[in-house]
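Read through the structure below, which is laid out as structure tokens, and then see the notes.
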Amino acid sequence: MTTTVRAEVAEYLRRFDAVSAAIPEPRRSELRAEIQEHLTDSIGDSAGTEEASLVILEFGSPDEIVETELDGASTKRGTPRWVLRAGAIAIVAALVIFGITQLPRLFESAALAGGAVVTAHPVGVERVTTGRAYAEYQQEITKLSALPEGSAWPEGVPAGLDAGATVDSTTGEVGVLEAGAGQVAARFTWLCAWENEAVIAHDHSADDRLVAAIAELKAFVAAATTESWGPGGSWTSAVLTPTDYDNFGPIRSDVAESCMQAGITIH
Amino acid sequence: MDSTTTQLRRGVIGPCILALLAESPRYGLEIVKELDAAGQLLSSQGTVYPLLNRLYEAGWVSSRWQVSDTERPRRYYEITTQGRAELAAFCDDWSRFSEAVNELIAPTRRRGAV
């Protein structure tokens, strides 16, 4: 969708750009996009200059927003997915780069497929087979255990994950993505596959498959190198442990998110 | 605004946002309007986005873009299972905390000193 940015909003964004350099990408672009949407929505198309100025005044100064953002970044509380989210944000940034019109298919509420969703050519974002992120992905998949029967590692990683400078096609902003996004993509792909396998097995009362899937996920937790994904981590307690009590609600919800983080759409 | 109020606001704004999201998913502008209506809990409206990001990083909310033919794309936030657990824990803490504070300040309020 093409929208015309009001002069007041453009000026605010210019002020934000001037004071927000300390916010790392892609978070900075993400925050900027939310600010633009909020102000555009709040002001509307027909408001006069005075009304627009009042809205912007109530919104707060860019300095205050940047200060709040950086204050939160320096005093992070338990961030269960911090290490993986660094790359997950990069994946989300890649999705934005492809244009907002692509997002409905990626974020729509999905009923799980009856079969494997992780395939050589999964439904989802565009993938590439060159670049640093792809090399990271290739290396990481050799470290992970095999995917469920019927699944296959996607050929390529979501485009736009290479470390270094990148240009947001929506805003034209030049940002910097950190390395490691390819590894993150591999791990979320693995998780997407095995969480989906566990839910399908549960739904079909396929006990052998279910036991195997849960064992794989527990092994993943046991081998985790970060606290958030380890035995005492929040993902384990919130998503995996409930399966021991036949509560598959959390893992069913988590499948869509894991697959989304891997750039895979499930229907 | 004095520092005591600022500190109080900082302590409760996250759980208040979680409480709104526990009812239903919302996008930023909706959350701002409801917080303002409840009592201007935000120091300024724009700070809701860094706050939402903190909740996201903590794993207490998830987000998704919603696109329609008639409206601009909007980023909706919704509470996670962990977020609900965190909110429940806060509600317990707040109940004990507010009772204790109310008990302590009750004599002062009865005297009309405030």
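What residue, of B:Val48, B:Val12, is assigned to a helix (DSSP H, G or I) and within 23 Å of A:Glu37 (Cα to Cα)? When all the criteria are applied, what remains is B:Val48.
Of the residues making up region B:31-45, those that are of a type outside the set (Lys, Arg), more than 15 Å from B:Ile79 (Cα to Cα) and assigned to a helix (DSSP H, G or I) are B:Val32, B:Glu34, B:Leu35, B:Asp36, B:Ala37, B:Ala38, B:Gly39, B:Gln45. Condition first: among the aliphatic types (A, V, I, L, M), at the interface with another protein chain (Cβ under 7 Å from one of its Cβ atoms) and under 21 Å from A:Ile56 (Cβ atoms). Can you find one or more residues in region B:15-32 that meet it? Within region B:15-32, one or more residues are among the aliphatic types (A, V, I, L, M), at the interface with another protein chain (Cβ under 7 Å from one of its Cβ atoms) and under 21 Å from A:Ile56 (Cβ atoms).
Considered as a group, the residues in region B:43-55 that are facing chain A (nearest Cβ under 8 Å) and either among the basic types (Lys, Arg) or touching a residue at least 12 places away in the same chain (Cβ under 8 Å) (or both) include one that is nearest to B:Leu8 (Cα to Cα), and that residue is B:Ser43. For the criterion of being at pLDDT 95 or above and open to solvent by less than 30 Å² (accessible area, probe 1.4 Å), B:Ile13 fails. Would you confirm whether any residue within region B:56-76 is assigned to a helix (DSSP H, G or I) and within 28 Å of A:Arg32 (Cα to Cα)? Yes, region B:56-76 contains at least one residue that is assigned to a helix (DSSP H, G or I) and within 28 Å of A:Arg32 (Cα to Cα). Applying the criterion of at least 1 residues that are open to solvent by less than 60 Å² (accessible area, probe 1.4 Å) and more than 14 Å from chain B (Cβ to nearest Cβ) to the helices (runs of 4 or more DSSP H) found wholly in region A:181-267 leaves A:181-203, A:207-222.
Checking each residue in region A:1-42 for being surrounded by 14 or more Cβ atoms within 10 Å (Cβ to Cβ), more than 30 Å from A:Leu161 (Cα to Cα) and either free of Cβ contacts under 8 Å to residues at least 12 places away in the same chain or more than 11 Å from chain B (Cβ to nearest Cβ) (or both) picks out A:Arg6, A:Glu8, A:Asp41. The set of residues from region A:129-151 being at negative phi and open to solvent by 40 Å² or more (accessible area, probe 1.4 Å) comprises A:Thr129, A:Thr130, A:Arg132, A:Tyr134, A:Ala135, A:Gln138, A:Gln139, A:Thr142, A:Lys143, A:Ser145, A:Ala146, A:Glu149.
Scanning region B:15-26 for residues that are part of a helix (DSSP H, G or I) and closer than 19 Å to B:Gln45 by Cβ yields a total of 7. Give the residue, chosen from B:Ala85, B:Ala58, that is at the interface with chain A (Cβ under 8 Å from one of its Cβ atoms), open to solvent by 50 Å² or more (accessible area, probe 1.4 Å) and small (Gly, Ala, Ser). B:Ala85 is the lone residue from the list that is at the interface with chain A (Cβ under 8 Å from one of its Cβ atoms), open to solvent by 50 Å² or more (accessible area, probe 1.4 Å) and small (Gly, Ala, Ser).
The values are calculated or read from the model by the stated rules, or taken from the named source; none is laboratory data. This one's a predicted model, so the numbers in the text were calculated from it and none came from an experiment. Because the Cβ atoms are built from the backbone with ideal geometry, glycine has one as well, and the counts that use them run over all protein chains shown. Quick note on the areas: whole protein, heavy atoms, side chains included, nothing else; ligands and nucleic acids left out. Shrake-Rupley method; radii C 1.70, N 1.55, O 1.52, S 1.80 Å.
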